[in-house]
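Written below as structure tokens is the structure these notes are about.
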Amino acid sequence: MRNKLGRTITGAAVLALTVTGTVTGTANASTVAPDTTGAITETANAASTDASDNASADVSDTASTDVSDTASTEVSDTASADVPDAVWTSRGWPAPSADPHLPDASGNIPADQEEEPQPLIDEHLYGPDSGPTPASADPVAAASTIDGHGTSNWAYNNLDTRWEYRTDCANFVSKALYHGGGMQMRPGGRKADNAWWQGRYGFGKSWAWTSADYLRRHVTKWRHSSIVPHEYNAHLGDLVFFKWKKERVYNHVAIVSAMVQGHARIVQHGLKNETTLAEVIQRYSRTSNPIEKVTIVRPKDRN
């Protein structure tokens, strides 16, 4: 049985929403990232700067790291710290050399090379999933509002579902919104922001179903979503979108599965299926491609 609480997180992304809609503040991510020996000793404080894209949180391009009271290390800007691959893999993360958000041998960021979702099987084999079952006993609420707890519960209980795309995060989140949250499909062109569907028009799924950035645009523009200004205000079922510094768009999305003392645990189809928001930020904070924006979205409208 999985432990939902997992590691204790002692820091948070703390944001302040100004009257102009700009986010200011600091992102203090104190996490359990390992040092070169595998010991848990580091605390990263990433300063946040102004952001204007949907009131997202800017995470600093660089982070200061206190390794110990008596020693300091010089951090490489091209690797996920100077931590041996085996240390990362022992904690459920892939080796930095296998991370698509870090430079490959040619210096490219694999996650930024493709816009179109890359299916793992023939998309024409996809049929529409069975319709979701409303989770709310209130028929009015069930007909109008996405059930965040239902979204979170479905995601948590279905982490082991088959990956259908090479980057399957948005597809997984869409399934959780559909099956658990009761969000209804919307027709439209495959690449249209307002369209969100699967198994229609002779294609497998719309891009808003399978692409993190298209899904972000869909829920923020067409589902009357609200932007959550602080991590500690997040609720179960909120969507967490990530943008890396060297990537043009938001390339990952996850779901808040639990709140522990004001800090968000997330589930995802990603490099590590169950983790924390702070741990993900720390994973990349000492690399040449850190996470520079985190946007937490609470979608509202089912229809």
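Can you check what the net charge comes to around Ser226, using other residues whose Cβ is under 12 Å from the Cβ of Ser226 (Lys, Arg +1; Asp, Glu -1)? Before the final figure, lay out each step's value.
Working: positive: Arg223, Arg298, Lys300; negative: Asp238, Asp301.
Charge balance near Ser226 sits at +1.
Could you calculate the FRET efficiency of Asn158 with Lys221 from 1/(1 + (r/R0)^6), where r is the beta carbon distance between them and R0 is 25 Å, rounded to 0.05?
Values: r = 27 Å, r/R0 = 1.08.
After rounding, the FRET efficiency stands at 0.40.
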Which trypsin sites (Lys or Arg not before Pro) in segment 228-303 sit in a loop by DSSP (not H, G, I, E or B) and have at most 11 other Cβ atoms within 10 Å of their own Cβ? Arg248
Residue-wise HN-Hα coupling along segment 93-109, computed from phi with Karplus coefficients 6.51, -1.76, 1.60 (Hz; x: Gly, Pro): 9, x, 4, x, 5, 10, 8, x, 8, 10, x, 8, 4, 8, x, 8, 9
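Work out, step by step, the length gained on full extension between Val260 and Lys246: first 0.36 nm times the residue separation, then minus their alpha carbon distance; give nm to one decimal.
Details: separation 14, 0.36 × 14 = 5.04 nm, distance 3.08 nm.
Full-extension gain reported as 2.0 nm.
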Heavy-atom accessible area of segment 148-241 with neighbours in place, 1.4 angstrom probe: carbon+sulfur share in percent works out to 52
Overall dimensions of segment 157-301 by Cα: Rg and Dmax, Å: 14.6, 46
Expressed in angstrom and ordered largest first, the alpha-carbon extents of segment 225-303 along the principal axes are 38, 28, 23
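The values are calculated or read from the model by the stated rules, or taken from the named source; none is laboratory data. Computed from a predicted model, the values in this text were never measured in an experiment. Note that each Cβ is placed from the backbone with ideal geometry, even for glycine, and that neighbours are counted across all protein chains shown. What goes into the accessible areas is simple: the full protein's heavy atoms, side chains included, and nothing from ligands, DNA or RNA. Shrake-Rupley method; radii C 1.70, N 1.55, O 1.52, S 1.80 Å.
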